[in-house]
Amino acid sequence: MDRYFMKMPEDMFCEICSEKRGINPDTLKEVIILAVEIAREGREGRRIGTMFVVADTENVIRHSRALILDPLLGHPAEEKQIADPDMRETVKELAQLDGAFVVSDEGTVVSACRYLDSFSEGIDLPLGLGSRHMAAASITKLTNSVAVVVSESSVVRIIDDGVIVSEIIPELWMFKRYSALSKGKMVEQEIILSTVDESD
């Protein structure tokens, strides 16, 4: 049985992705936390959807194009770090625009508003997911990247090698995270968010 799950320890950020990716867990953690914040808070009183593609930036850029003039182009890398509070607020504003964010393995938000090359052959996503998820699955098949997708239904999904490997409901995730922190330590807990039939 395949399970989409959320675990509390910090190492969950590297466990959810295949070993061949070699994704920096610190960068992935920052991206996931930011995605959860966007899903929970929305912007200007409405829910928004967006996507982050993490690592293998040269190939991701090669398999995408700018939808508009890139608002991050020309800014120094040290000002575009995903962990920087000012950058996070900038990303939340830009998330209202169409397109994906490209984040380097070192945590630099390299580009915004990217249209990703997309194909559906060999990709099997659950019915009801739209073009954003298809593009995320496609780019992670084409490159050594991992995608973090925020849907307008306020669910965050992590996609690796064309497959959804984790699904996070922000309210549950944040409640458990802050509950554990309030006790003075991070404790391991597992929440099964959804399962698929064993025959699949």
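General observations
- Which listed residue, of A136, A180, is surrounded by 16 or more Cβ atoms within 10 Å (Cβ to Cβ) and modelled with pLDDT under 50: A180
- Residue tally, condition of a type in the set (G, A, S) and farther than 23 Å from G162 by Cβ, over the range 42-80: 5
- Top-ranked residue in the range 141-171 [being in a helix (DSSP H, G or I) and touching a residue at least 24 places away in the same chain (Cβ under 8 Å); ranked as nearest to H63 (Cα to Cα)]: L142
- Enumeration of residues in the range 44-69 that are open to solvent by 30 Å² or more (accessible area, probe 1.4 Å) and either of a type outside the set (K, R) or touching a Lys or Arg at 6+ places or on another chain (Cβ under 6 Å) (or both): E44, G45, D56, T57, E58, N59, I61, H63, A66, L67, I68, L69
- Listed conditions (1) of a type outside the set (G, A, S); (2) free of Cβ contacts under 8 Å to residues at least 60 places away in the same chain; (3) touching a strand residue (DSSP E or B) at 6+ places or on another chain (Cβ under 7 Å) are all met by V103, apart from (2).
- Filtered residue count, the range 139-155, keeping only those that are closer than 19 Å to V36 by Cβ and either surrounded by fewer than 23 Cβ atoms within 10 Å (Cβ to Cβ) or touching an Asp or Glu at 6+ places or on another chain (Cβ under 6 Å) (or both): 6
The rows are residues; the columns are (1) buried (at least 19 other Cβ atoms within 10 Å of the Cβ); (2) more than 20 Å from I168 (Cβ to Cβ); (3) modelled with pLDDT of 95 or more; (4) of a type in the set (S, T, N, Q).
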position: G74; (1), (2), (3), (4): no, yes, no, no
position: A112; (1), (2), (3), (4): yes, yes, yes, no
position: L116; (1), (2), (3), (4): yes, yes, no, no
position: D124; (1), (2), (3), (4): no, yes, no, no
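The values are calculated or read from the model by the stated rules, or taken from the named source; none is laboratory data. Quantities reported herein were computed from a predicted structural model and do not represent experimental measurements. Reconstructed Cβ throughout: ideal geometry from the backbone, glycine too, with neighbour counts over all protein chains shown. Just so you know, the surface numbers come from the protein's heavy atoms only, side chains and all, with ligands and any DNA or RNA stripped out. Shrake-Rupley method; radii C 1.70, N 1.55, O 1.52, S 1.80 Å.
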